[in-house]
Amino acid sequence: MVLGKVKSFTVSYDCLNDSNVPVFSSGDSISGRVIIEVTGEIRVKSLKIRAKGCAKVRWTESRNAGSNTAYTQNYSEEVEYLNYKDILIGHERDDDNSEESLITIHSGRHEYAFSFELPQIPLATSFEGKHGSVRYWVKAELHRPWLLPMKVKKEFTVFEHIDINTPLLLSPQASTKEKTLCCWFCTSGPISLSAKIDRKGYTPGESIQIFAEIENCSSRMVVPKAAIYQTQTFYAKGKMKEVKQLVANLRGESLSSGKTETWNGKMLKIPPVSPSILDCTIIRVEYSVMMYVDIPGAINLSLNLPLVIGTIPLHPFGSRTSSVSSQCSMAMTWLGMALPERPEAPPSYTDIVTEEQRRTSLEVPVSRDELDGPLFAYVQEFRFQPPPLYSEIDPNPDQVRGVEEGRPNSCPSR
């Protein structure tokens, strides 16, 4: 008898969303099929599947142990969220090659269904970062006598949903800072900055309205700017590693000495980015709106407004409670500005990420070998263009030593 060959060996998910992309959250049931297409007949010991999900971090640091001695310290950590196994055909033991234990698969296409449930506990959102990742996948293994097992892996994406319709994420964020420039024995007037956004929680695709007032009582020409930054923080063995990246930015008009500029709802759009990750013990992904004044020849004046990127968009204005609405309205009095009428609710997270964006190529910052596993669905299906490193955009916007006293109503006369 001439043995057949395996023509194709794949894993497919039963997707319930319109985009046909495997996206799930904690407690969801995941079903799919292992598809085997053979020419001729093959003998099989077993067909197994394993579903796994975990967060991993890893980085290295160089250490000096003396004048001529150096060594590398490795930091790594792992948290497991999912570990499921099942046997679709055959038996557990694969060391039995007797004819009685073998199963014949005839020529043609064969599908073997599987299903399992994600744990009800909070899961970390799928993510690919510079020093770590959160990945979920299903691996199928086909065991045949006297041959190495055939293996195929199919990734899927998990979103741990963040509903921005909560009092904490609907609360306005505001801050004020001031800075006085000194040049030898001369002191110029202060530069003051006040900024506000109407809430803390947003979803990708929305535009953040920035309300700000910049007063330049110094002798220099300054430029107000705003940006959204993503901060990735990785934890292992009591150490942490932080990466800050620019997501989006905008620039105001140059401001000469003695002038004041007001931003009455300047729009800063949020591109398709990963949701915030706040519950994972070894990886955190956080966002902030940085409002800063670019000062030539001096450290920039800046302030940060915390931001949470969620997955469940804002409900229509009428569905919100009156207490939350009044809180947002009252908090705007600091600049004497009224927010415009709230726009319609933005689309959901998965509606923002188009199929074209999912399939746009990017250079993954972590190699397959570095984190001991294949790239997962968040990179393959949700391919966002990675933003540049924070240090490449603005080397010192955070190093601010501003004077925190209240700012005057007008620039003092010189």
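The values are calculated or read from the model by the stated rules, or taken from the named source; none is laboratory data. Remember, predicted model here, so these are calculated numbers, not experimental data. Note that we place each Cβ from the backbone using ideal geometry, even for glycine, and neighbour counts take in every protein chain shown.
Have a look at 25, 31 and point out the one that is in contact with a strand residue (DSSP E or B) (Cβ under 6 Å, 6 or more places away or on another chain), touching a residue at least 40 places away in the same chain (Cβ under 8 Å), small (Gly, Ala, Ser) and surrounded by fewer than 17 Cβ atoms within 10 Å (Cβ to Cβ).
Only one candidate qualifies: 31.
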Query raised in the report: Can we say residue 104 is assigned to a strand (DSSP E or B), among the hydroxyl-bearing types (Ser, Thr, Tyr) and over 30 Å from residue 4 (Cα atoms)?
Result: no
Requested in this report: Identify all residues within the range 244-260 that are surrounded by 15 or more Cβ atoms within 10 Å (Cβ to Cβ) and either within 31 Å of the chain's Cα centre (by Cα) or at pLDDT 95 or above (or both); write none if there are none.
Outcome: 244, 245, 246, 247, 248, 249, 250, 252
**Report entry** Residue, nearest to the chain's Cα centre (by Cα), within the range 39-60, restricted to residues that are under 26 Å from residue 4 (Cβ atoms) and modelled with pLDDT under 95
**Finding:** 46
Report task. Pick out the one residue from 296, 346, 275 that is modelled with pLDDT of 95 or more and not in a strand (DSSP E or B). Result -> 275
Query raised in the report: Looking at (1) in a strand (DSSP E or B); (2) modelled with pLDDT of 90 or more, which is the only condition residue 120 fails?
Result: (1)
**Report entry** Which listed residue, of 181, 102, 118, is under 29 Å from residue 275 (Cα atoms) and not aromatic (Phe, Trp, Tyr)
**Finding:** 118
